Structures are given as C-alpha cells and as structure tokens.
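The numbers here are math on the coordinates, done by the rules we state, and not lab data. Computed from a prediction, not measured in an experiment: that's the story for all the values here. Virtual Cβ from ideal backbone geometry, glycine too; neighbours counted across all protein chains shown.
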Amino acid sequence: MYYVIKLPFTQAFTDSLVFNIIFLSLGLSFWYSTKFISFEIYSTLKVVSNHITAAFFTSGIWIFLGYWLMSKIFSNDQEYLNFLLSSLVWRFFIGMLFYIIIVSIIYVIIYYSNFQEKVLKEAELKSLVKEAELKSLKYQINPHFIFNSLNSISALTISEPELAREMTIKLSNFLRKTLNTNEKQKSKLIDELNSAKLYLDIEKIRFGDKFSYTESIGEGCTNLEIPSMLFQPIFENAIKHGVYESIEPVTISLKCEEKDEYVKITIENNYDEESVPHKGEGIGLSNIQSRLRKMYNQDNLLKFSKKDGIFKVTIFIPLEE
C-alpha cells in the first residue's frame, strides 16, 4: 500500500497492523477446527467444502471488523475511506488465501506430530516385544538347568544320600540367587561368573575330581555388563558333553580379555573324541546366540569349534562408548 498504491505511511502502517491483528485473532481458532476436520475421519470432498465455507465466513468477518475499525480511526479522511471501500473485494480474497495457508500449515504440524507419536509408539512396541522375546529365551534356560540338576541329585539319592542333601541345599541357594535377579536382562560379569560357579560346585559334588575349573579375568572384565545367565548353558554343555562322557579328567577354563571394541570371553573344555555324543535338546548355544543377536543387533558375537579334543566357545561383548 505504501510503495505501490502510494498511501501515506501512517495510513498504510495502521491499515496493515489492524487487519493483520484481527486475522491473527481469528486464526488462533483455526487450530481447533482443523484438528477436528480430519482427512482420516471425513472424505476429502467434505473436508475441502467445510474449509471453503469456513474461509468464506472468516474472510467476511475479517473484512467487516477491519472496515468498521478503520472507518472509525480515519473517519475524517474521505480519500482513505474511498480507498478502503474499493479494496474490500481483493481484501476478501486475500483473507481466503490467508485462511488456506494457515490451515495447510496446521495440517502439516498435526500430521507431523501424529507421525512422530506413531514412530515413538512403534519403537516402544518393538522394545516391549524384544524384551518379551529375551525373557522367553532366558526362561528356557532355568527349567533346563533345574531338570539337569534334579537328575544329578536323583543319581545320588540312593548311593550317596548325604551328597544328595548337600547338592539340594546348594541348588536351593543357586535358585534363590537366580530368582532375585530374574528380571534383569544384564548383570556384571563377576556376578554372573559367581552364579555359574555355584552350578559347578553342585556338579563337583557329583563328579568329584573328574573335572577342574580355572579362570583368567582381565582388569576390564570385572564390571562389564553381560546378558544374565550367559555362562550357565555353556558350563552345562561342558559337564554334559565333556565330564559326563569322558574317562579322563576334564579341565574347564574361562578367559576374559579386552580386544579392540569388544571384550572376548573364551570358554574351553577337553572331551573324549571317541565317546558317543550325548543327545540333548540343543537349547544352550542357540539360546545364547539368539539373545546376543537381539541385545546387540549383531550376528557374529558367538563362535564355537571342536578340534583336537577341545571344545571352545568364544563370545564377543561390544564395549559401550
């Protein structure tokens, strides 16, 4: 109005200020109408027709209020009043354009907000599903271990009742310790190792000097967070496929050391290559592999091999930055 129509600066500034403040006041209510006139609820035709109607009435109200206020402010300036009257038509279409722009921006904000909320809910759902899957895998280990331990106790009940009693007490202590941390998906390596060694103590009662255990723990391993019940299935495999089937003494060894961006845990035991393999359910190593994959999103964290009478399991735990 100032540069093109050559209105005096005072009139142009006042005109712009009044009309824009009025439309701003009306525009604050657009959020609520736009939120409830949703494309997800109504057809596109109905949404468009509703907004065209709303734009028509909003622009009419805007023109009426603006004309009334400006005619009061400049009531003695006939030249401006003539300009104001002649400009009502193009102001009306500008009002409709303003309405369309504001409503479009509001739709973008609403849909972006809904999209972000949907992404967040999907992430939470995936997290819950992942947690449920991890718990399911973890709960597979507990009964598996209990059955093996009860079988060991059963074998001693008649021949060595005192040892069976001692073994039952140790099993009870182990289960009490396990249940106290049952909801945790991770725990410190040293705590997991102490729990697993309780199992070895239980089996030591049954097998005596038939097996021994050694360990080498690096300084960076003690407080490392690892999946709960990580060692338990591996030690069970060593007992079942190594100690149980072997005539010669078996040594179970564990070594933990930092290597690049991982902590490398190696568990080895010797076994009798000529013995008939003891059939099991195959829960142990496959369970660990599934849990590691779900926790760290990597498929290469578990390796195992049988060579020259040595069974070796290698686990890599990523170091958190």
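Rounded to the nearest 20, the Cβ-based charge dipole of the range 9-119 about its Cα centre (Lys and Arg +1, Asp and Glu -1) stands at 260 debye. Annotation: Cα Rg of the range 50-125 relative to the compact-globule expectation 2.2 N^0.38 Å equals 1.73. Computing FRET efficiency as 1/(1 + (r/R0)^6) for Glu162 and Glu122, where r is the C-beta to C-beta distance and R0 is 51 Å, gives about 0.35. Pairs from the list Lys118/Lys264; Lys264/Lys306; Lys197/Lys264; Lys188/Lys240 with a Cα-Cα gap above 28 Å: Lys118/Lys264. Taking the Cα centre of the range 160-318 as origin and assigning +1 to Lys and Arg Cβ atoms and -1 to Asp and Glu Cβ atoms, the resulting dipole is close to 540 debye. Seen from every direction in turn and averaged, the convex hull around the alpha carbons of the range 160-318 projects onto 9.9 nm². Each of Arg291, Arg91 has some number of other Cβ atoms within 10 Å of its Cβ, and from fewest to most they run Arg91, Arg291. Contact order, relative form, for the chain: 12 percent (alpha carbon pairs under 8 Å, 6 or more residues apart, mean separation divided by residue count).
With R₀ set to 35 Å, the beta-carbon distance separating Asp209 from Gln298 gives a calculated FRET efficiency near 0.30.
Centre-to-centre separation between the Cα atoms of the range 205-282 and those of the range 68-128: 70 Å.
The smallest convex shape that holds all Cα atoms of the range 9-51, its convex hull, gives 71 Å³ per residue.
Seen against the Cα atoms of the chain and their longest principal axis, helix 44-73 is set at about 50 degrees.
So, with +1 on the Cβ of K and R and -1 on the Cβ of D and E, and no other charges, what is the size of the charge dipole of the chain about its Cα centre, to the nearest 20 debye?
Once rounded to the nearest 20, the dipole reads 1120 debye.
In the range 9-119, Cα pairs under 8 Å separated by at least six residues give a relative contact order of 38 percent. Distances between every pair of Cα atoms in the chain, grouped in 10 Å steps from 0 to the bin holding the largest one, split as 5, 19, 19, 10, 6, 7, 9, 10, 8, 5, 3, 0 percent. Net charge of the neighbourhood of Asn223, taken over other residues with C-beta under 13 Å away and scored Lys/Arg +1, Asp/Glu -1, is -4.
Each of Phe13, Tyr262, Thr168 was scored by the projection of its Cα onto the charge dipole of the chain, and the greatest displacement toward the positive side belongs to Phe13; charges sit on the C-beta of Lys, Arg, Asp and Glu.
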